[in-house]
Amino acid sequence: MKTYKLFPAFVFALFISTAIFAQTTKEAIKVNGECGMCKKKIEKAAKASGATVASWSPDTKVLQVSYNAKKTSSDKIQKAIAAVGYDTEKYAATEEAYNNLDECCKYERKTSTTNNDKCCDMEKCSKENCKDMNCCKDKDKSCCQKSGK
Ligand SMILES: [Cu+2]
């Protein structure tokens, strides 16, 4: 009997939570950077690409963002951040964008564009380390090549 009484309340709660989730997506994204100037640039890029809330910590290197998933996406935000020179967990900044950063902002790059070379120099390179499946085509290795070639 109690279940019947609670059912409308349950449906209502579900409806409300779905509505809230549809509006705002919260996410924590790893973004490389160094100082307060980086913070400003990272947050500005995130907001310009649709984040309603963007807060990056130089200590944790984590960017807390909120955004409307209908208007933007984690990918879009990360691409915008990479475009101003900061590597995110999914997108790496171009060499050019990185070089344009102020000296104080030049963080130590973990994911560099030389990843592919490193991967091919390894004793046994794994597909996970290869960004570009063709990276080993000029080398005597087949592990990273697309199957069939
Ligand atoms: Cu900086």
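At a glance:
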{"read-out": "Relative contact order [Cα under 8 Å, 6+ residues apart], the range 25-101, whole percent", "value": "31 percent"}
{"read-out": "Listed pairs K70/K106; K41/K76; K30/K70; K71/K106; K5/K71 exceeding 27 Å between Cα atoms", "value": "K70/K106; K71/K106; K5/K71"}
{"read-out": "Gain in span if fully extended, Q64 to E96, counting 0.36 nm per residue against the direct Cα distance", "value": "8.9 nm"}
{"read-out": "Length gained when the stretch K76-L14 is fully extended (0.36 nm per residue, less Cα-Cα span)", "value": "19.4 nm"}
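Laboratory data are not the source of any read-out in this text; all were calculated from the coordinates shown. What you see is a predicted model, and the numbers here were worked out from it, not measured in a lab.
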